[in-house]
Amino acid sequence: MNTQDLEKKFQDRIDAGEKIEPKDWMPEKYRKTHIRQISQHAHSEIVGMLPEGNWISRAPSLRRKVALLAKVQDEGGHGLYLYSAAETLGISRDELFNQLHTGKAKYSSIFNYPALTWADIGAIGWLVDGAAIINQVMLTRTSFGPYARAMVRICKEESFHQRQGYEILLTLCNGTEVQKAMAQDALNRWWWPSLMMFGPRDEESPNTAQSVKWKIKRKTNDELRQQFVDNTIPQAEILGITVPDPDLKWNEERGHYDFGAIDWSEFWNVVKGNGPCNKERLAARNAAWDNGAWVREAALAHSEKQAKREELKQAI
Amino acid sequence: MANQGLPIWEVFIRSKNGLEHRHVGSLHAADAEMALENARDVYTRREEGVSLWVVESKHITASNPEHQGELFEPAQDKVYRHPTFYKLPDELEHM
């Protein structure tokens, strides 16, 4: 079969709702797009541990501390599920890490913002995980089997993340004036970056059409963003705090909230590496990798020693 | 880079006694013991299982999707392997 026929057959399988598995024939671009997308997603989970990890030792109670520890541990686990899914496409874990550590691969820009106060931990769970969930629920139906299966596991675990964040903010909003102001301040700083998490507007997202055709994405960036706004505004009302957008209002006709223009220059600036924490995040990942080298070496040396000992035993 | 790469292991979990082990994913580990410990941390944080299997991926032989036809299509025309192939009277119950 020539490439054109193979591509036609491949598209027919996708159109019929079949899942693609790692050893199946796939267009090179489908493979590359998936390696890029899944690894970016994995890197986001791993880098996403940093802003929150910073608060584990300063959580205000034991209850908050165990929850935050469990959440950060989940994120490490989610990164590992995703790296495994990417590896089924023929790229090695070392190469994936290398792309992250050299800055060649991207991760979600949201993690280049700092978590300045305890309320930020609430806002991250509520908004950042909330936005991620909307994207990830869509991805449970993505066409590549290993990615879809990783997403099912992740979505099951993720809903506690959002709830624990919302509970943090609820507690602050029911607290003193200063605590409530802290929650409002966190919302002010995290709102716009959260909306940017869904990526550029549809008309500026040239890959969307192909991704929708291959069922990598089932909804466009703007559709997902609208869904997020519609979900989130009533939740902010319950908290009694307001999003920093004077143009936000309910549109009866559309059945959706209208919202103001996003400052895309900020988005691209952070993507290009000029956000508040880009350098710090990358330095922390590199340090973790370099400082862990001796552990990996020791584990391998230990396994070799054990294997030799076993051989000797067999010989006797 | 110092790391020459830890081998890949496939992880299988028995969710409760009476059910089979099912494949859940993979991970990297230096040896079987480390693979079991990592599998516990990565795949059973919420009581997903009562038993774990790990096997180094290189030991698995997989069928080639291109041979799907010759492997599995012969079963398609053997409808007589299914109970519904046999025409029996309606009054015959529970068979």
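Odds and ends about this structure:
- Residue-normalised accessible area of the stretch B:8-63, expressed per residue, 1.4 Å probe, Å²: 61 Å²
- Interchain or long-range residues, amide H under 5 Å from A:F144's placed H: A:I20
- Quarter the surface of the alpha carbon convex hull of the stretch A:149-307 and you get the mean projected area, 15.1 square nanometres.
- Relative contact order [Cα under 8 Å, 6+ residues apart], the stretch A:223-316, whole percent: 13 percent
- Here the protein assembly as shown is treated with +1 on each Lys and Arg Cβ and -1 on each Asp and Glu Cβ, and its dipole about the Cα centre works out to around 760 debye.
- Between the stretch B:30-48 and the stretch A:277-291, the alpha-carbon center distance in angstrom: 26 Å
- Rolling a 1.4 Å probe over the heavy atoms of the protein chains gives the stretch A:206-316 an accessible area of 63 Å² per residue.
- Computed from backbone phi with θ = phi - 60° and the Karplus coefficients 6.51, -1.76 and 1.60, the 3J(HN,Hα) list for the stretch A:239-256 is 5, x, 10, 10, 6, x, 9, x, 8, 6, 7, 5, 10, 4, 5, 7, x, 9 Hz; x is used for glycine and proline.
- Restriction of the trypsin sites (Lys or Arg not before Pro) in the stretch B:20-95 to DSSP coil positions whose beta-carbon has at most 12 other beta-carbons within 10 angstrom yields B:R46, B:K78, B:K87.
- Compactness of the protein assembly as shown was expressed as the Cα radius of gyration divided by 2.2 N^0.38 Å, which yields 1.14.
- Cross-link table A:K71/A:K215; A:K29/A:K215; A:K8/A:K106; A:K8/A:K215; A:K308/B:K58; A:K106/A:K249, entries beyond 22 Å C-alpha to C-alpha: A:K71/A:K215; A:K8/A:K106; A:K106/A:K249
- Taking the centroid of alpha carbons for each part, the stretch B:62-95 and the stretch A:186-231 are 46 Å apart.
- Calculated on C-alpha atoms, the gyration radius of chain B divided by its Kirkwood radius gives an Rg/Rh of 1.23.
- Ranked by how many other beta carbons lie within 10 Å on average, peptides A:1-14, A:100-113 from highest: A:100-113, A:1-14
- Just checking the listed ones, A:Q40, A:Q235, A:Q136: in the Gaussian network model of chain A with Cα springs under 10 Å, the one fluctuating most is A:Q235.
- Estimated 222 nm signal from helices in the protein assembly as shown, with DSSP H stretches of n ≥ 4 weighted -39500 (n - 2.57), rounded to 500: -18000 deg cm²/dmol
- Other protein chain Cβ atoms within 10 Å, averaged over every residue that makes up A:77-84: 4
- Computed from phi, the 3J(HN,Hα) profile of the stretch A:141-151 under the Karplus parametrisation 6.51, -1.76, 1.60 (θ = phi - 60°) reads 9, 5, 6, 8, x, x, 5, 4, 5, 4, 5 Hz, with x in place of Gly and Pro.
- Comparing mean-square fluctuations of A:S159, A:S211, A:S265 from a GNM of chain A with C-alpha springs under 10 Å, the top value falls on A:S265.
- Buried solvent-accessible surface, both chains (A, B), 1.4 Å probe, Å² to nearest 100: 2000 Å²
- When the GluC sites (Glu not before Pro) in the stretch A:208-316 are filtered for DSSP coil states and for at most 15 other beta-carbon atoms within 10 Å of their beta-carbon, the remaining sites are A:E252, A:E253.
- log10 of Debye I(q)/I(0), alpha-carbon scatterers only, for the stretch A:247-314 at 0.23, 0.25 Å⁻¹: -0.96, -1.01
- Cα-centre dipole for the stretch B:8-63 with unit charges at Cβ (Lys and Arg positive, Asp and Glu negative), debye to 20: 240 debye
- Projected area averaged over orientations for the stretch A:119-185, convex hull of C-alpha atoms, nm²: 4.3 nm²
- When the charge dipole of chain B is built from unit charges on Cβ atoms (+1 for Lys and Arg, -1 for Asp and Glu) and taken about the Cα centre, the candidate among B:M34, B:L52, B:S15 whose Cα reaches farthest toward its positive end is B:M34.
- GNM result for chain A, Cα springs below 10 Å: residue of A:Q162, A:Q184, A:Q306 fluctuating most strongly: A:Q306
- Label point 7 Å beyond Cα of A:D258 along Cβ direction - residues of the stretch A:196-230 with amide nitrogen under 20 Å: A:201-203, A:222-230
- Take every Cα pair under 8 Å whose residues are at least 6 apart in sequence, average their separation, divide by the length of the stretch B:8-63, and the relative contact order is 46 percent.
- Over all orientations, the stretch A:35-163 has a Cα convex hull whose mean projected area works out to 7.5 square nanometres.
- Normalised per residue, the volume of the convex hull around the Cα set of the stretch B:8-63 (Å³): 76 Å³
The values are calculated or read from the model by the stated rules, or taken from the named source; none is laboratory data. Keep in mind that this is a model prediction, so the values were computed, not measured. Using ideal geometry, Cβ is built from the backbone for each residue, glycine included, and neighbour counts are taken over all protein chains shown. In case anyone asks, the SASA skips ligands and DNA or RNA and just uses the protein heavy atoms, side chains included. Shrake-Rupley method; radii C 1.70, N 1.55, O 1.52, S 1.80 Å.
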